[in-house]
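Structure, as structure tokens:
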Amino acid sequence: MNPKSMGVVGAGIMGSGIAQVAAQSGLEVVVVDADEKRAKSAVDQIGLALGRLVAKEKISQADRDAAVSRLKVGKGLDDLAVLEFVVEAATERLDVKVDLFAKLDRILAPDVTLASNTSSISITRLGAATKRPDKVIGMHFMNPVPVMKLVEVVRGLATSDATVDEVVGLARRFGKTTVSTKDLPGFLVNRVLMPMINEGIYALMEGLGSPEEIDTAMRLGTNQPMGPLALADLIGLDTCLSIMEVLHTTFGDPKYRPCPILRHYVDAGWHGKKSGRGFYTYQ
Ligand code: CAA
């Protein structure tokens with residue numbers, strides 16, 4: 001199927017970014033969130049972000065207005081019933097996602113693909129919560145979604161070739177490059193990225209350098225756009241911790257043990273940029 005409409009479940013940073021690129025690519029988009037006000041605020045913010053692109057002469061006013069007109073706020077999951085594709089970008093918790101997938105499976109037409117933007121939860125497990133495991137797939141966007149070029153396509157044990165082809169085609173329509181990978185914890189990007197970030201946090205704990213020194217060393221020494229601690233703040237320290245926990249628990253290998261400082265910061269509510277404080281402070 002070449003979908004013309006898409007539901008986005010979850011209006012956080014990732015859900016908003018996904019809704020933006022989908023609307024810009026011509027899809028009719030409905031955003032739902034457990035908190036309807038959050039969904040409304042996300043759609044308003046997308047309008048502002050697209051306005052900034054107009055000011056920078058990256059898109060025309062007409063394109064901005066057309067994209068905004070394609071974005072709607074849904075009151076609940078039932079408002080997604082008529083849509084042709086759904087991507088879930090809700091809280092990164094297995095119980096939340098399993099519940100959502102079971103509910104969406106009952107609501108959506110049987111031929112609709114159900115994708116998850118999860119960064120570490122098993123796609124096979126989410127597929128098993130539905131009666132359409134062949135149509136359940138990982139469609140993992142990177143943060144910030146409008147800027148980052150990659151979509152990681154994750155194939156669960158039962159995901160069909162047709163579903164993979166559909167998601168690869170859709171990601172291309174969004175202007176993204178895809179890499180297909182296996183349903184193993186962390187998939188490909190986070191399997192490599194998160195241990196590096198976690199090691200950066202160990203370097204801080206062991207006093208190898210200040211956050212600025214660690215980030216400068218990695219930015220200028222390895223040509224990364226951001227150092228590991230600034231990137232952890234951008235991703236969200238709660239998300240980084242939950243990914244490290246999935247890697248640690250599933251593989252049982254001590255090399256994935258989350259750094260105690262990471263856990264400490266999350267316990268303190270210092271979740272990075274989104275909460276105003278992480279390894280750095282934000283206005
Ligand atoms: N939304 C939309 N656009 C954004 C943006 C955002 N949140 N942040 C920056 N941009 C745009 C800016 O508007 C700017 O656009 P123009 O060139 O058109 O003016 C462009 O990106 C560059 O931004 P800046 O000049 O402000 O800053 P920068 O050059 O340092 O780039 C960055 C910012 C794109 C975030 C860059 O630092 C970067 O690529 N960092 C690494 C990000 C990364 O690795 N993301 C993946 C994380 S892993 C993940 O997401 C998976 C997971 O499961 C955890």
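In plain terms, the C-alpha convex hull of the range 161-281 casts an average shadow of 8.9 nm² when viewed from every direction.
What does the charge add up to near LEU53, with Lys and Arg as +1, Asp and Glu as -1, over the other residues with Cβ less than 11 Å from its Cβ? Working shown, then result.
On the way: positive: ARG52, LYS56, LYS58, ARG64; negative: GLU57, ASP63.
Neighbour charge sum, excluding LEU53 itself: +2.
In the elastic network of the chain, a GNM with C-alpha springs shorter than 10 Å, the most mobile of GLY76, GLY272, GLY200 is GLY76.
Using a Förster radius of 22 Å, what is the FRET efficiency between ILE59 and ASN2 based on their Cβ-Cβ separation? Nearest 0.05, please. If you can, show how the numbers build up before the last one.
Details: r = 23 Å, r/R0 = 1.05.
Calculated value: 0.45.
Of the GluC sites (Glu not before Pro) found in the range 188-283, those in coil by DSSP whose Cβ has at most 11 other Cβ atoms within 10 Å are GLU206.
In the elastic network of the chain, a GNM with C-alpha springs shorter than 10 Å, the most mobile of LYS56, LYS131, LYS273 is LYS56.
Counted residue by residue at 0.36 nm each, then reduced by the alpha carbon distance between them, the extension gain from LEU150 to LYS182 reaches 9.9 nm. Taking a straight line from the alpha carbon of LYS58, these lysines sit under 18 Å away, with near neighbours fewer than eight places off in the same chain left out: LYS149, LYS176.
What do the square roots of 5 times the Cα gyration tensor eigenvalues come to for the range 5-182, in whole Å, largest first, as semi-axes of the equivalent ellipsoid? Before the final figure, lay out the partial values.
Numbers: eigenvalues 130, 62, 37 Å².
Rounded to whole Å, the semi-axes are 26, 18, 14.
Within straight-line reach of LYS131, meaning a Cα separation under 25 Å, sit the following lysines at least 8 residues removed in sequence or on another chain: LYS4, LYS75, LYS97, LYS103, LYS182.
Quick one, can you get me the convex hull of the C-alpha atoms of the range 24-110 expressed as volume per residue in Å³?
Values: hull volume 8.6 nm³, N = 87.
Dividing the Cα hull volume of the range 24-110 by its residues yields 99 Å³.
For the pair THR281 and ASP134, what calculated FRET efficiency results from E = 1/(1 + (r/R0)^6), where r is the Cβ-Cβ distance and R0 = 41 Å, to the nearest 0.05? In this case the efficiency is close to 0.30. The Kirkwood radius of the range 50-100, taken over pairs of alpha-carbon atoms, gives through the Stokes-Einstein law at 25 °C and 0.890 mPa s a diffusion coefficient of 178 µm² s⁻¹.
Taken together, the values in this text are just the output of simple stated rules run on the coordinates, not laboratory data. Just so it is clear, the model here is predicted, and its values are computed rather than measured. So basically every Cβ, Gly included, is an ideal-geometry build from the backbone, and we count neighbours across all protein chains shown.
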